[in-house]
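The values are calculated or read from the model by the stated rules, or taken from the named source; none is laboratory data. In this text, all values refer to a predicted model and were calculated from it rather than measured experimentally. Cβ: placed from backbone, ideal geometry, glycine included. Neighbour counts: every protein chain shown. Surface accessibility is based on the protein's heavy atoms, side chains included, excluding ligands, DNA and RNA. Shrake-Rupley method; radii C 1.70, N 1.55, O 1.52, S 1.80 Å.
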Amino acid sequence: MPNPKKPEHMLQLLQHFIKHSNQIKQIHSLLTTSGRLLLTSQWINTLLYNTLIRAYLNISQPQTTLILFTHMLFHQAQPNSHTFPSLIKAASSFPPHLASHIGKPLHCQVLRRGVLSDPYVCTSFIGLYSQACELGSAHKVFDEIPEPCVVSYNAMLDACGKNGDMSLGFLMFSRMPYRDVYSWTSMIHGYMKNGCSEVAVKFFQRMMVHEDVKCGLLKPNEATFVSVLSSCTFLDVGVALYLGRQVHAYMVKNEELSVFMTTALIAFYGKMGCLVYASKVFDAMVIKQVCAWNAMISSLALNGREKQALMMYEKMRARGLQPNEITFVAVLSACARAKLVDLGFKLFETMSHEFGLVPKMEHYGCMVDLLGRAGLLQEAHDFMKKMPFEADATVLGALMGACRLHGAIELGNEVAQLLLKSQPNHSGRYVQLSSIYAGAERWDHAAALRKVMLDAGIHKVPAHSFI
């Protein structure tokens, strides 16, 4: 039996608990021997601190991880290149402004300790600055790497995608001496995330004819398929369906379909209006996880099968599966489309009371949409005002759409002014408000609004029909 009073045995025990991270009580008991914290003992060294830091990170306690680092400095245990990646990852788990605030002192410590030459530390900082929405800082760190490896390049590609600079991403991609599947997937996902779905699909097609794919040295993975199927849903229906079926055929022929791949297929066919195909993929799944049920519920709700969507939710619950935040977005959307106000509120309340889930902006948006579609505009407005955070454009847009539907001019105008403040160049918001004025035969207001658009250089996006 290892003796926790000996450093080498203590290290073995800590490493054991890293592999079994649910045993947090045992970790704490090791830290309290003979009634005093071992952290204050003089014998503890860098290796033990590194192990402790990694242990707390593995049990999702980033704050404790960072506090341990301050103890490490106080007790003069010297941090090394193995210390900082875990600390940087802990900092990255915080919201962007906090990640930046924590990350910069860590960067100073790295410079001071002379470990910035370690490529793993640099790559970790690229990820941190990406999370902190500081692409310029991430780029500077990348430029300081003498010979960046494919992992560092991929971290930079991911940073470009997250921060909306795909021009820089393409430049980085072009310079890469070697590209793996993560490089291609980062580009496809980045273009999709930044509204360039057509480019994302073309990038996938370019990948599939690349020499490495033809020779079998490279092949798309789960994330690649999910990204390209998501991209297809934003294309014209005919083109999207043709490409999506090709991707589906390739997946069946060359891959063992994972849960996430089948979920992506269900979501794709649902958005294309092909419920028969979506149901076939869903029914063929041997093990149906919550994400697959969510995709099927959303597909039914999206295609006017709201009652079937709610029945699918009940069926999922009967199987003993616990709904998550995405599940409730799907079922609340179904309630909104079917104007089931009482059921919608009942489900909204069960989120926190029964399942311990905290409603997010999307859930409040669904509730505002539900009340608005049902014609309860004042109730929708009051509900929005009682939200624990300020309503974003999606919530305001849902209420404005309801105002247009029910001809509520005054409330529609009030909501529109809030929307135009947050999205002054969004042509759709002007068009919606103009339509409200036109529906009420306030032609002078509609004409004035169109003139404001013209003077500001804002143009309506031309509509088109696949037919």
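Scanning segment 340-383 for residues that are open to solvent by 80 Å² or more (accessible area, probe 1.4 Å) and of a type in the set (A, V, I, L, M) yields one hit, Val358.
Against the criterion of being assigned to a helix (DSSP H, G or I), at pLDDT 95 or above and open to solvent by less than 30 Å² (accessible area, probe 1.4 Å), Met261 does not qualify. With respect to Ala200, is the statement that it is open to solvent by 10 Å² or more (accessible area, probe 1.4 Å) and more than 29 Å from Val110 (Cβ to Cβ) true? For Ala200, the condition - open to solvent by 10 Å² or more (accessible area, probe 1.4 Å) and more than 29 Å from Val110 (Cβ to Cβ) - is not met. Could you tell me which of the residues Ser231, Ser279 is open to solvent by less than 60 Å² (accessible area, probe 1.4 Å), within 30 Å of Arg337 (Cβ to Cβ), touching a residue at least 40 places away in the same chain (Cβ under 8 Å) and out of contact with any strand residue (DSSP E or B) (no Cβ under 7 Å at 6 or more places or on another chain)? Only one candidate passes the filter, namely Ser231.
If only one of Ile88, Ile27 is modelled with pLDDT under 55 and either open to solvent by less than 30 Å² (accessible area, probe 1.4 Å) or touching a strand residue (DSSP E or B) at 6+ places or on another chain (Cβ under 8 Å) (or both), which one is it?
Selected residue: Ile27, the only one of Ile88, Ile27 that is modelled with pLDDT under 55 and either open to solvent by less than 30 Å² (accessible area, probe 1.4 Å) or touching a strand residue (DSSP E or B) at 6+ places or on another chain (Cβ under 8 Å) (or both).
The numbered conditions (1) under 30 Å from Ala155 (Cβ atoms); (2) at pLDDT below 80 are all true for Gln42 except (1).
Do we have any residue at all in segment 165-188 that's part of a helix (DSSP H, G or I), farther than 28 Å from Glu256 by Cα and among the aromatic types (Phe, Trp, Tyr)? Working first, answer last.
Kept after step one, since they are part of a helix (DSSP H, G or I), are these residues of segment 165-188: 166-175, 181-188.
From the residues that got through so far, the ones that are farther than 28 Å from Glu256 by Cα too are 166-175.
Those still in the list that are among the aromatic types (Phe, Trp, Tyr) too: 170, 173.
Checked against the condition, which is being part of a helix (DSSP H, G or I), farther than 28 Å from Glu256 by Cα and among the aromatic types (Phe, Trp, Tyr), segment 165-188 yields at least one hit.
Scanning segment 178-228 for residues that are in contact (Cβ under 8 Å) with a residue 40 or more places away in the chain and polar (S, T, N, Q) returns Thr185, Asn221, Thr224, Ser227.
Step by step: first the residues of segment 319-339, then only those that are closer than 13 Å to Lys307 by Cβ and part of a helix (DSSP H, G or I), then the one that is most open to solvent (accessible area, probe 1.4 Å). Which residue is that? Even if it seems obvious, please write down each step before you answer.
Within segment 319-339, the subset closer than 13 Å to Lys307 by Cβ is 331, 334-335, 337-339.
From what is left, the residues that are part of a helix (DSSP H, G or I) are 331, 334-335, 337-338.
Values: Val331: 0, Ala334: 0, Cys335: 0, Arg337: 94, Ala338: 36 Å².
Step by step, filter segment 319-339, then rank; the result is Arg337.
Here Leu302 meets the list (1) under 21 Å from Asp236 (Cβ atoms); (2) loosely packed, with under 14 Cβ neighbours inside 10 Å almost entirely, failing just condition (2).
Within the group His139, His82, His107, which residue is within 27 Å of the chain's Cα centre (by Cα) and over 20 Å from Ser183 (Cβ atoms)?
Numbers: His139 fails: over 20 Å from Ser183 (Cβ atoms); His82 fails: within 27 Å of the chain's Cα centre (by Cα).
Step by step, each of His139, His82, His107 is checked, and only His107 is within 27 Å of the chain's Cα centre (by Cα) and over 20 Å from Ser183 (Cβ atoms).
Just one of (1) out of contact with any Leu (no Cβ under 8 Å at 6 or more places or on another chain); (2) within 22 Å of Leu52 (Cα to Cα); (3) of a type in the set (Val, Ile, Thr) fails for Val110. It is (1). A count restricted to segment 337-365 and to residues that are β-branched (Val, Ile, Thr) and touching a Ser or Thr at 6+ places or on another chain (Cβ under 8 Å) stands at 1.
For segment 156-169, state whether one or more residues are open to solvent by less than 10 Å² (accessible area, probe 1.4 Å) and over 23 Å from Ser230 (Cβ atoms). Break it down stepwise before answering.
At the first step, the residues of segment 156-169 found to be open to solvent by less than 10 Å² (accessible area, probe 1.4 Å) are 156-157, 159-161, 169.
Remaining after also requiring over 23 Å from Ser230 (Cβ atoms): none.
No, there is no match, as no residue in segment 156-169 is open to solvent by less than 10 Å² (accessible area, probe 1.4 Å) and over 23 Å from Ser230 (Cβ atoms).
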